[in-house]
Amino acid sequence: MTSATIERANDVIADTYKRFPVLLTRGSGCTLWDDSGRAYTDFVAGIAVCNLGHAHPQVAEALCRQARTLWHVSNLFYTGPQIELAAWLTGKSFADRVFFCNSGAEANEAAIKLARKYFKEAGRPERFRIISMQNSFHGRTMATLSATGQEKVKSGFAPLLEGFDFVPFDDLTALRAAVGPATAAVMLEPIQGEGGVRCPGPDYLKEVRALCDEAGLLLIFDEIQTGMGRTGTLFAYEQCGAAPDIMTLAKALANGLPMGAMLAREAVAAAFGPGAHASTFGGTPIVSAAALEVCRVFEREDVLAHAHRVSAHFRDRLEWLKGRHPLVEEVRGRGLLLGIRLAVEGDPFVIACMERGFLINCVQGNVLRFVPPLVIDAAQIDALIDCLDELFGRARQA
Ligand SMILES: *Cc1c(COP(=O)(O)O)cnc(C)c1O
């Protein structure tokens, strides 16, 4: 990418992202190409978004077919793809009803609003507080950044939305102590993604569920990053022996088209009547048709079984790296939401990998995160491992 292009971008685009000097122009499967024709194997996937890889032929075909048929009408009317998608999602999950929107933050906004409305409708308006986790990430809108447990996301935006309390993740005692007469819900990610690919202990989520039942609280799982097969099952909650009352999805739902969803049990969803909440583009036919095809490809090609196989291989190879290089301190994650915590800063390795044709990213300063398309293969994983092995070997000598 020429410096003139970079200068032009820096003149006209809001300066909210620290970007790499690469202009990506094309993608296919797990490979991306830049404007000079260089290829990269993609272990970022738009941050856990393109689970079926780039430009998936059947999803592209479904999208084009819908583009020639009907793009958008208001939610004042029924449309087929939205209904079929909601039926698929409720058929595969604990939920009975789906509200569609356009992003993760909006899905969490809907969840926060629904939790408050549920207790208002139940005649308990004093219950409006939500307990959230330190180190969590729930989005960048005013409500969702208020729900986020990271100072760097909130800094500069006070006054924040009232009604959020924070406790350490994976600490049931602290959670129990934080529940009060104003508590309405507990909101958390089953695995903290942006927080550094942090998994809780094996019984934690089940115990959180039991605590919520005991105290009459709603349980909200933010599965925006963990959902749609990312952790080895369609939804991460399936592995913890407990289901939430409300779940939010976005990222991978339409494989790269903007879509969010909030799913809820009937008794909870019932608090949202006509006029309570809305979104102009939510569940619009063109995006729903793509998401529906994503769901069908998941079934037709048994994407989960493939992801399960390669994830075991990926994990083994990361453990192998850890055994060889003391600077790799810990292998984290589940399914294809994997990370390694380093004893040193991660950014130089992200850049060195990119120079060698691999896109990865770094969270929390020292955790390299790997969230490739679920259709990645073992040879592509091995090539990345070889690259990291060489880089870690060099770092030791330096
Ligand atoms: C990405 C993410 C969000 C925010 O999604 P946007 O679409 O960027 O608003 C919320 N929660 C989690 C867990 C995420 O990973």
Using each residue's phi in the range 283-288, evaluate 6.51 cos²θ - 1.76 cosθ + 1.60 at θ = phi - 60° and report the 3J(HN,Hα) Karplus result to the nearest Hz, with x for Gly and Pro.
x, 4, x, 5, 6, 4
What FRET efficiency, computed as 1/(1 + (r/R0)^6) with R0 = 35 Å and r the Cβ-Cβ distance, is obtained for E266 and W33, rounded to the nearest 0.05?
0.15
Report the gain in length on full extension from A276 to E121: 0.36 nm times residue separation, minus Cα-Cα distance, nm rounded to one decimal.
54.6 nm
By the gyration tensor of its Cα atoms, with a ≥ b ≥ c the square roots of the eigenvalues, what is the shape of the range 182-321: rounded for a/c under 1.5, prolate for a/b over b/c, or oblate?
oblate
Fewest-first sequence of Y17, Y40 by Cβ atoms within 10 Å of each Cβ
Y17, Y40
Order by neighbour count: R65, R198, R369, fewest other Cβ atoms within 10 Å first, most last.
R65, R198, R369
Decide, for the range 82-209, between rounded, prolate and oblate: order the square roots of the alpha carbon gyration tensor eigenvalues as a ≥ b ≥ c, take rounded if a/c falls under 1.5, and otherwise choose prolate if a/b is larger than b/c, else oblate.
rounded
Residue separation times 0.36 nm, minus the C-alpha to C-alpha distance between S74 and M142: what's the value?
21.9 nm
Give me the distance in nm between label points sitting 7 Å out from Cα along the Cα-to-Cβ direction at T16 and A312, one decimal.
4.2 nm
In terms of modelled amide H atoms, which long-range or inter-chain residues lie less than 5 Å from the amide H of L218?
A185, V186
Can you tell me the convex hull volume per residue for the chain, based on C-alpha atoms, in Å³ to the nearest whole number?
154 Å³
For E121, E162, which order do you get if you count the other beta carbons within 10 Å of each Cβ and list the fewest first?
E162, E121
Charge dipole magnitude, Cβ of K and R +1, D and E -1 - the range 1-122, Cα centre, debye nearest 20
320 debye
For T90 paired with D165, estimate the spin-label separation in nm (one decimal), with each label point 7 Å from Cα along the Cα-to-Cβ line.
3.4 nm
Prolate/oblate/rounded label for the range 19-163 (Cα gyration tensor, a/c 1.5):
oblate
Using a 7 Å offset from Cα along Cα-Cβ at W320, what residues in the range 368-398 end up with backbone N under 19 Å from the label point?
370-372, 376-394
Where Lys and Arg each count +1 and Asp and Glu each count -1, what net charge lies around K251 among other residues with Cβ under 10 Å from its Cβ?
0
For A398 and E330, calculate 0.36 nm times their separation in residues minus their Cα-Cα distance, and state this gained length in nm to one decimal.
22.3 nm
Starting from the Cα of R300, step 7 Å along the direction of its Cβ; do the same at A182; then give the gap between the two resulting points in nm.
5.2 nm
Starting from the Kirkwood radius over alpha-carbon pairs of the range 1-51, derive D by Stokes-Einstein at 4 °C in a medium of 1.567 mPa s and give it in µm² s⁻¹.
105 µm²/s
So what's Rg/Rh here for the range 303-398, counting alpha carbon atoms and using the Kirkwood radius for Rh?
0.94
Within the chain, percent of DSSP bridges classed antiparallel, to nearest 5
65 percent
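Taken together, the values in this text are just the output of simple stated rules run on the coordinates, not laboratory data. Because the structure is predicted, anything quoted here is derived from the model rather than measured. Glycine also receives a Cβ, built like all others from the backbone with ideal geometry; neighbour counts cover every protein chain displayed.
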